[in-house]
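*Asks:* First the structure, then my questions, so here it is.
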Amino acid sequence: MRFDHPIPVGEIAARINAKVLGDAARLATGINEIHKVVPGDITFVDIPKYFESSLKSQASVVILNEDVEVPDGKTLLLHEEPFEAFNYLVSQFRPFLPLTAQVSPLAVVHPTAIIEPNVVIGPYTEIGENCHSQAGAIIHSHCVIGKNAIIQSGAIIGTDAFYYRRYPGHLTQRNTCGRVVIGDSVMIGAGCT
């Protein structure tokens, strides 16, 4: 997920009550999970065996729960619960928007797109030129469907990731901050998720 504008890491630290290790003036431009990060991104790690890969990743900011040496080009945010801090930031920058209309008024649907009955299109989704969404398809928020794409009946695109943090006695789901991008001239089969 990209931020609307770069945000100083010190401001991010204040939001989650984290200690800054390194440059608090560094600008964060987005937030993402470790295997999708690019320079400017914030990510998190809370398991020591993954510290090295996180600290060597392209992320510019890493939320973690141990005071370690700050690598060049990184700012670290020390927090007792990195997972919870990450979840909180995602909820602040991408708040949950329920599907409240068949086609969200925040969606952009090209005028040549064919949208059959009972297709649901979520907020901030873009449906491309000559796209054909068949009856009963659900395309959640922040998806991008390319031109000439076909989404067959009953397909579900862009639902939450299946990722949980285990705590004694309960699980907490990680908030999703990604999106689904389907290219031009792609067909998604009936009933796919």
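The values are calculated or read from the model by the stated rules, or taken from the named source; none is laboratory data. These numbers were taken from a predicted model, which means no experiment stands behind them. Cβ placement follows ideal geometry from the backbone for every residue including glycine, while neighbour counts extend to all protein chains displayed.
*Asks:* Among the listed residues Ile150, Ile156, Ile115, identify the single one that is buried (at least 16 other Cβ atoms within 10 Å of the Cβ) and closer than 28 Å to Glu33 by Cβ. If you could, list the steps in order and put the result at the bottom.
*Replies:* Details: Ile150 fails: closer than 28 Å to Glu33 by Cβ; Ile115 fails: closer than 28 Å to Glu33 by Cβ.
Only one candidate passes the filter, namely Ile156.
*Asks:* Arg174 - would you say it is in contact (Cβ under 8 Å) with a residue 40 or more places away in the chain and either in contact with a Phe, Trp or Tyr (Cβ under 8 Å, 6 or more places away or on another chain) or more than 22 Å from Glu33 (Cα to Cα) (or both)?
*Replies:* yes
*Asks:* For region 29-56, how many residues are aliphatic (A, V, I, L, M) and within 15 Å of the chain's Cα centre (by Cα)? I'd like the intermediate steps shown before the answer.
*Replies:* First, pick out the residues of region 29-56 that are aliphatic (A, V, I, L, M): 31, 34, 37-38, 42, 45, 47, 55.
Pick out the ones that are also within 15 Å of the chain's Cα centre (by Cα) and you get 31, 34, 37-38, 42.
Residues meeting the conditions: 5.
*Asks:* Among the residues of region 56-76, are any under 28 Å from Ala155 (Cβ atoms), touching a strand residue (DSSP E or B) at 6+ places or on another chain (Cβ under 9 Å) and either surrounded by fewer than 16 Cβ atoms within 10 Å (Cβ to Cβ) or at pLDDT 95 or above (or both)? Step through it out loud before you land on a result.
*Replies:* Just the residues of region 56-76 that are under 28 Å from Ala155 (Cβ atoms), to begin with: none.
The answer is no; no qualifying residue exists.
*Asks:* A follow-up question, please. Restrict the check to region 47-65 and report whether at least one residue is among the charged types (D, E, K, R) and closer than 25 Å to Asp4 by Cα.
*Replies:* Of region 47-65, the ones among the charged types (D, E, K, R) are 49, 52, 56.
Still in the list and also closer than 25 Å to Asp4 by Cα: none.
No, because not a single residue in region 47-65 is among the charged types (D, E, K, R) and closer than 25 Å to Asp4 by Cα.
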